[in-house]
Amino acid sequence: MASAGIATAAAWEKSSAGLHGAGPPILALLQKGLSLSQAMGRYGLLTPAQQVFLSAADDAGCLPAALLRLASESEQSSQRQQEMKSKWGVLYLLLAIGWLAGSISAGAAEPARLVSILLLNSGKCLLTYYLIQLVSNLSLQSAWWWLGMAWKFHWRRQAYQWSFTMHWLDLLGWQLAAGVDAATALKSMQGLISTPAYKHATAQAAIAVQNGQSLSTALASNGLLTNTALEQILVSAEASGKIGESLEHQAQLAAPNLKLYVDSVMFWLSKVLYALVGAVAFSMLYFR
């Protein structure tokens with residue numbers, strides 16, 4: 001509805017969003033003139049990064065595209081969660097079988113050590129359970145969380161480059177295409193990642209642009225471009241006055257590659273978890 005030009009408050013009232021528990025209070029805030037990001041943020045429906053993302057996109061007139069992006073990412077996260085949960089039953093069943101078989105085997109072969117073996121096997125099961133939960137939670141973290149980790153620990157490999165291009169540079173491109181000046185656009189994006197190094201880099205890039213430096217140079221010198229090839233593309237785009245469109249095109253190229261990478265990680269992650277649980281079950285049966 002927002003993409004059809006319907007006012008945000010009217011769209012909220014007409015949509016199923018109004019059925020949410022916080023729907024009526026949010027509608028009241030929208031009718032008072034608050035932005036959608038501010039209204040939803042007050043009721044905890046957005047993470048801080050999502051709120052900044054939605055606010056910057058709204059200022060650039062790209063609210064429908066931003067909402068579609070958030071909805072798509074939420075759907076993908078929910079799908080991954082369901083896929084993970086569908087494997088938990090089998091994983092926990094393997095652990096239970098290993099614990100039971102190990103207990104029976106220990107009772108028959110070493111009855112004097114039965115209690116200690118049961119405690120050892122129970123410890124293995126608990127440790128494996130918490131490891132599965134940890135891996136599952138990490139796999140469901142948002143792109144902004146992973147980008148924050150990449151900034152903190154300097155993980156700048158191909159997956160980071162695709163994600164940064166799709167999420168960060170695309171938002172920058174939306175604003176530039178809407179006529180927002182580069183310094184203002186950069187300042188509006190400082191809250192997307194909480195890492196101090198990122199905030200410093202964004203602030204420095206904004207200052208450099210204000211002092212007359214080209215955007216491509218300011219971004220590259222502060223680590224806000226993923227590779228030199230992208231810097232060259234932006235130099236050409238700046239010269240032609242089509243930097244917003246160029247960044248959007250780069251994001252469209254990155255999106256399918258990132259999806260294939262995530263799908264591959266999820267596929268092999270399940271294999272690793274099955275191998276891990278199988279190894280733990282085997283150890284409970286044969287290593288005491």
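Throughout, read-outs are computed from the coordinates displayed, never taken from laboratory work. This is a predicted model, so every value here is computed, not measured. Reconstructed Cβ throughout: ideal geometry from the backbone, glycine too, with neighbour counts over all protein chains shown.
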Volume in Å³ per residue [convex hull over Cα atoms, computed for region 157-240]: 89
GNM result for the chain, Cα springs below 10 Å: residue of Ser122, Ser246, Ser270 fluctuating most strongly: Ser122
Charge dipole of region 70-288 about the Cα centre (unit charges at C-beta), most positive-ward option of Val280, Trp88, Gly223: Val280
Structure-based [θ]222 nm, the chain - -39500 (n - 2.57) summed over DSSP H runs of at least 4, per residue, nearest 500: -25000 deg cm²/dmol
Kirkwood Rh and Cα Rg combined as Rg/Rh, the chain: 1.12
Axial C-alpha extent at least 30 Å, average Kyte-Doolittle at least 1.0 - helices from the chain (DSSP): 114-139
Alpha-carbon centroid distance for the pair region 148-179 / region 67-127, whole angstrom: 36
Spatially proximal lysines relative to Lys85 (Cα-Cα < 18 Å; intrachain offsets below 8 disregarded): Lys271
Charge dipole (debye, nearest 20) of the chain; +1 at Cβ of Lys and Arg, -1 at Cβ of Asp and Glu: 940
Hits among lysines - C-alpha to C-alpha of Lys152 under 24 Å, sequence gap 8 or more where chains match: Lys187, Lys199, Lys259
Segment Lys32-Ser74, length gained on full extension (0.36 nm per residue, minus Cα span): 12.3 nm
